[in-house]
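Here the structure comes first, spelled out in structure tokens, and everything after it is commentary.
The values are calculated or read from the model by the stated rules, or taken from the named source; none is laboratory data. All of these numbers come straight from a predicted model, not from anything done at the bench. Using ideal geometry, Cβ is built from the backbone for each residue, glycine included, and neighbour counts are taken over all protein chains shown.
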Amino acid sequence: MFDFAVIGAGVVGGLVARELTKYKLSVCVIEKESDVAMGATRANSAIVHAGFDAKEGTLKALLNVRGSEMMEDVCSELGVKYKRNGSLVVGFNDEDKETLLSLIERGRTNGVKGLSLLERDELLKLEPNIGDGVTCALRAETGAIVCPYELCMAAVGNAMDNGAELKLNFKVEKIEKCGGVYRISSENDTIEAKIVINCAGVFSDEIARLVGEDTFSVRPRRGEYMLLDKECGELVSHTVFRCPSKMGKGVLVSPTVDGNLLLGPTAEDIDDKNDTSTTPAGLAHLSALAGEQVKGIHLGKVITSFTGLRATGSTGDFIINSPIDGFINCAGVESPGLTSAPAIAQYVVEMLKKAGAELTKNESFNGKRRPLHYFRELGIDEKNEVIKNNPDYAHVVCRCETVTAGEIIEAIRTNPRPTSIDGIKRRTRASMGRCQGGFCTPYMVELLAREMGLPVTEITKSGGESYINVGKTAKGGN
Amino acid sequence: MAQMNNQRRADLVIIGGGPAGMAAAVAAYEKGLRDILILERDDALGGILRQCIHNGFGLHRFGEELTGPEYAARYEKQVKEYGIPFMLNTMVIDVDESKVVTAMNRECGIFKIEAKAIILAMGCRERPKGALNIAGSRPAGIYTAGTAQKFVNMKGLMPGREVLILGSGDIGLIMARRMTLEGAKVKAVCELMPYSGGLARNIEQCLNDFGIPLYLSHTVVEIHGKERLTGVTIAKVDEMRRPIPETREFISCDTLLLSCGLIPENELTKSAGISLDRITGGAVVDGERECEIPGIFACGNVLHVHDLVDYVSEEAVIAGEAAVKYINGEKSHGMALNLVTDGKIRYTVPQRITSAEKTKVYFRVANVYRDVKIVVKDGERVILEKKKQKVAPGEMETVILTADMLSACETNATISFSLEEVRK
């Protein structure tokens, strides 16, 4: 039996679990997918929002500003890529300017520092590629970018290093409470826990319903993105949002921490919580809008497009509460959910303390985690030291991103362990470059099969039935 | 492990041990150069030819039909007989403008080589799915034709059973046949353009002989399937290459192979600060394949994508011999001819000519044209005309500019290449 079961290994579940391991508690994270960070966490804008967007007095506003302040330290502890690049919200007319001024006002009320309004000439000095029609901008100096799935993997991994358990492929079907203990069951597994924390993203309403709590619902809002080659990564240095207007919230154009350029998202309410497909209309919309904000976006340089589903809650605010004894919701965590995640984790622990839970500090907790990308950041001499001990670090597997066999094997052996090609990709960047795995996939398949002790034909792209190969050739037996 | 030797020198460093790199090395050796080093990232020499187990290679070069591995083996044999040094499993991670090459491998770690001359022969890669921006889900079962070729021919693995191929590039056509021979059902090849991007002989031998339909002016507009691909929606496109909604058709398949063009792999070229030709995606070179940095040469598919490996070898010989001339201080730069094209002819290689020696100029056209003549002019003066019944983007064309023709030009003339209609 565990003290805590965290349902959902996204960025919220991961950071909540890690926060709990700071105390003498047994924690189990359960996840229905074959890897962590498989929901909204792996497909979002990767932005640390400054906090001027959320309505005053809401939980969103409180946790956004707090999370934004915490993020740099959390990332540095966990070795996650983070860059305070600043955000700009660009306006195209006087009406937009009014909106921007009111956002500045709101931001100040929320406690955001470093907000100012820029005229076009000042803006051009910061961002020479800004669109011709842009007349003004809100500048938020505390805006930042981060790698969201890396943050999640690091948080879960660090929680595991501090004693937490991770159960993958565990799709919760039933939650029963008997004698003050929750029995959580999937089709073929059951765990018990004293307290359940529901961090199930778009599915958090369904999890809540399993314990009879039906006061809210969560709807998936589709957001489509396009990622451009690193050649385009320096087109802008700030994250460039569009001023929200009657026409909608607009899209953002942002560098990523890995040096690519990201365009997106669209916003479309849909019904299917599993539908992460992109649409012709969505991609066309992005192509049309992004160019108005930033000049010189070359769509021929798109290397991939993807869709994320925001968990839009029915209350309009984050739903973080304990409607039933021992059951805590972290639901409806849509944007600025990534930014807020570290603060949500802290908030949950505060809730527990307020409710009288006895939490004893875990003296052996180590919050630091060496990132998987440490090797690529070493100097030549340091790299050669590593290579001397393990020549796998000199064997380049992914040419485009220069990822070595050593790094891939290390990733396969590091918590939370990947079990698929996409899992390796998100941990090491192998196959994330401009050839998108054309050269390295066959080798990654062999490495993963060897490390997992599986036949190569069992290796999947992303778990389930997503086999890379369907069998052997006529003479492929040997 | 042996003591790492992290500083080396070589007269000529050749990056890439495929058909281009090996032919360049052999040519340089035959011109008397001995201090040569080939750096190859794979575990054997041969480059992409190793997985091209079909025949059709070598007709021009050796006067016989060879498979890819056989063609590569001929050069590998030469390299080994001459004792030209090569390092395998060695990845070059940087080339700088002072011709210092940084590479890494298991034995030496990361090391630097100071070269007198460098030949870039890194080949090309395939255009991936992302670049095509197709809507839909992202299941397993979508590969470039070359990745599938590697799985089938090198690993003995079947990437799928029911296949649709997007793009009629040569590797796609070859894989249509290969997958069929391995028992897969290839449902169709869709080509966005109104003409095929591959060689006519491959359409005949790889599609027609197996009854595989080729849908011209068609593309994949949507991908279906959550875990493994379950099908694609294809549609006909209009003259502007926009899909026509009412022609949408679902085709069930578990595999989508992409053969939508090759991109020269010029990351190292760029890191050296060499500017690239916008059309070819390769370096701008002179007749001897020298880039804008003296002593750095390029040849093969890293320079521009060739149809036939025979032409790769031919070009590599030019670069190999020129590198020796450069090292010996004999490379002349007596002229600065600039080659320009009319758009119907998309590009030329070389783009510049720096000496009045016989030069074979390679080029590709932008569309299928019939009954045309290739016209080469120095200002208004016609230097050369060559009639063609048909030219197509999938087939590389050549003309030879003789030493006499070049000597007759001003030393800094602009030489124009154009296609003109021939009136019958």
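Every condition in (1) modelled with pLDDT of 95 or more; (2) crowded, with 21+ Cβ neighbours inside 10 Å; (3) within 9 Å of chain A (Cβ to nearest Cβ) holds for B:GLN149 except the one numbered (3). For segment A:354-372, the condition of being in contact with a Phe, Trp or Tyr (Cβ under 7 Å, 6 or more places away or on another chain) and within 14 Å of chain B (Cβ to nearest Cβ) holds for none of the residues.
Considering segment B:111-141 alone, what residues qualify as being in a strand (DSSP E or B) and either at the interface with chain A (Cβ under 9 Å from one of its Cβ atoms) or touching a Phe, Trp or Tyr at 6+ places or on another chain (Cβ under 6 Å) (or both)? Across segment B:111-141, the qualifying residues are B:PHE111, B:LYS112, B:ALA117, B:ILE119, B:ARG125, B:GLU126, B:ALA135, B:GLY136, B:ALA140. Scanning segment B:377-424 for residues that are over 27 Å from the mean Cα position of the chain (by Cα), of a type in the set (Gly, Ala, Ser) and not in a loop (DSSP other than H, G, I, E, B) yields B:ALA403, B:SER407.
Yes or no, residue by residue, for (1) acidic (Asp, Glu); (2) touching a His at 6+ places or on another chain (Cβ under 7 Å); (3) surrounded by fewer than 18 Cβ atoms within 10 Å (Cβ to Cβ); (4) in a loop (DSSP other than H, G, I, E, B):
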position	(1), (2), (3), (4)
A:ILE195	no, no, no, no
A:GLU224	yes, no, no, no
A:LYS273	no, no, yes, yes
A:LEU286	no, no, no, no
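Of all residues in segment A:285-311, those that are out of contact with any strand residue (DSSP E or B) (no Cβ under 6 Å at 6 or more places or on another chain) and more than 9 Å from every other protein chain (Cβ to nearest Cβ) total 9.
Listed by first and then second residue, the pairs linking a residue in segment B:117-142 that is outside the structural domain of B:ALA283 (by TED's automatic domain parsing) and closer than 13 Å to B:ARG228 by Cβ to a residue that is surrounded by fewer than 22 Cβ atoms within 10 Å (Cβ to Cβ) and among the basic types (Lys, Arg), with Cβ atoms under 9 Å apart and 6 or more places separating them unless they lie on different chains, are B:SER137/B:LYS226; B:PRO139/B:LYS226; B:PRO139/B:ARG228; B:ALA140/B:ARG228; B:GLY141/B:ARG228.
Taking the condition within 13 Å of another protein chain (Cβ to nearest Cβ), buried (at least 17 other Cβ atoms within 10 Å of the Cβ) and closer than 25 Å to A:VAL470 by Cβ, does B:GLU265 pass? Taking the combined requirement at face value, the residue does not satisfy it. Looking at the structure I just gave you, is A:ALA394 of a type in the set (Gly, Ala, Ser), touching a Pro at 6+ places or on another chain (Cβ under 8 Å), farther than 30 Å from A:TYR23 by Cβ and free of Cβ contacts under 8 Å to residues at least 24 places away in the same chain? Considered against the rule, which asks whether it is of a type in the set (Gly, Ala, Ser), touching a Pro at 6+ places or on another chain (Cβ under 8 Å), farther than 30 Å from A:TYR23 by Cβ and free of Cβ contacts under 8 Å to residues at least 24 places away in the same chain, A:ALA394 comes out as no.
Look at B:GLU292 and say whether it is more than 28 Å from B:THR180 (Cα to Cα), surrounded by fewer than 22 Cβ atoms within 10 Å (Cβ to Cβ) and either modelled with pLDDT of 95 or more or not hydrophobic (A, V, I, L, M, F, W, C) (or both). So B:GLU292 passes the test. Every condition in (1) among the charged types (D, E, K, R); (2) within 28 Å of A:ASP422 (Cβ to Cβ); (3) out of contact with any strand residue (DSSP E or B) (no Cβ under 9 Å at 6 or more places or on another chain) holds for A:ASP317 except the one numbered (2).
Of the residues contained in segment A:447-457, one or more are found to be assigned to a loop (DSSP other than H, G, I, E, B), within 11 Å of chain B (Cβ to nearest Cβ) and at pLDDT 95 or above. Please verify whether segment B:202-218 includes one or more residues that are outside any helix (DSSP H, G or I) and within 9 Å of another protein chain (Cβ to nearest Cβ). No, segment B:202-218 contains no residue that is outside any helix (DSSP H, G or I) and within 9 Å of another protein chain (Cβ to nearest Cβ). Report yes if A:VAL253 is away from every other protein chain (no Cβ under 11 Å), under 24 Å from the mean Cα position of the chain (by Cα) and assigned to a loop (DSSP other than H, G, I, E, B), otherwise no. No: the conditions fail for A:VAL253.
Matching residues to (1) assigned to a helix (DSSP H, G or I); (2) under 19 Å from the mean Cα position of the chain (by Cα):
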residue: B:ARG9; (1), (2): no, no
residue: B:GLY17; (1), (2): no, yes
residue: B:MET22; (1), (2): yes, yes
residue: B:GLY32; (1), (2): no, no
residue: B:ILE48; (1), (2): yes, yes
residue: B:GLU64; (1), (2): no, no
residue: B:PRO69; (1), (2): yes, yes
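So, in segment A:401-419, of the ones that are crowded, with 24+ Cβ neighbours inside 10 Å and assigned to a loop (DSSP other than H, G, I, E, B), which residue ends up nearest to the other protein chains (Cβ to nearest Cβ)? Ranking the qualifying residues of segment A:401-419, first place goes to A:PRO418.
Just the residues that are touching a residue at least 12 places away in the same chain (Cβ under 8 Å), of a type outside the set (A, V, I, L, M) and either under 15 Å from A:HIS238 (Cα atoms) or out of contact with any strand residue (DSSP E or B) (no Cβ under 8 Å at 6 or more places or on another chain) (or both), please, taken from segment A:105-119. A:ARG106, A:THR109, A:ASN110, A:GLY111, A:LYS113, A:GLY114, A:SER116, listed by residue number. Taken as a whole, segment A:462-470 holds at least one residue that is among the hydroxyl-bearing types (Ser, Thr, Tyr) and either more than 7 Å from chain B (Cβ to nearest Cβ) or within 30 Å of A:GLU231 (Cα to Cα) (or both).
The number of residues in segment B:152-198 being facing another protein chain (nearest Cβ under 8 Å), crowded, with 24+ Cβ neighbours inside 10 Å and part of a loop (DSSP other than H, G, I, E, B) comes to 2.
Among the residues making up segment A:229-250, a single one is under 24 Å from A:ARG84 (Cβ atoms), of a type in the set (Ser, Thr, Tyr) and assigned to a strand (DSSP E or B): A:THR239. Only a single item in (1) out of contact with any Leu (no Cβ under 9 Å at 6 or more places or on another chain); (2) surrounded by 22 or more Cβ atoms within 10 Å (Cβ to Cβ); (3) closer than 17 Å to A:LEU100 by Cα; (4) not hydroxyl-bearing (Ser, Thr, Tyr) is not met by A:PHE170, and it is number (3). Look at segment B:86-106: where a residue is away from every other protein chain (no Cβ under 11 Å) and farther than 13 Å from B:LEU39 by Cβ and a partner is surrounded by fewer than 21 Cβ atoms within 10 Å (Cβ to Cβ) and among the small types (Gly, Ala, Ser), sitting 6+ places away or on another chain with Cβ atoms under 9 Å, you get B:ASP96/B:SER271; B:ASP96/B:GLY273; B:GLU97/B:GLY273; B:LYS99/B:GLY295. The condition of being surrounded by 14 or more Cβ atoms within 10 Å (Cβ to Cβ) and part of a loop (DSSP other than H, G, I, E, B) holds for only one of A:GLU334, A:GLU363, that being A:GLU334.
Checked against the criterion of being under 29 Å from A:GLU268 (Cα atoms) and crowded, with 24+ Cβ neighbours inside 10 Å, segment A:176-192 contains not a single residue that satisfies it.
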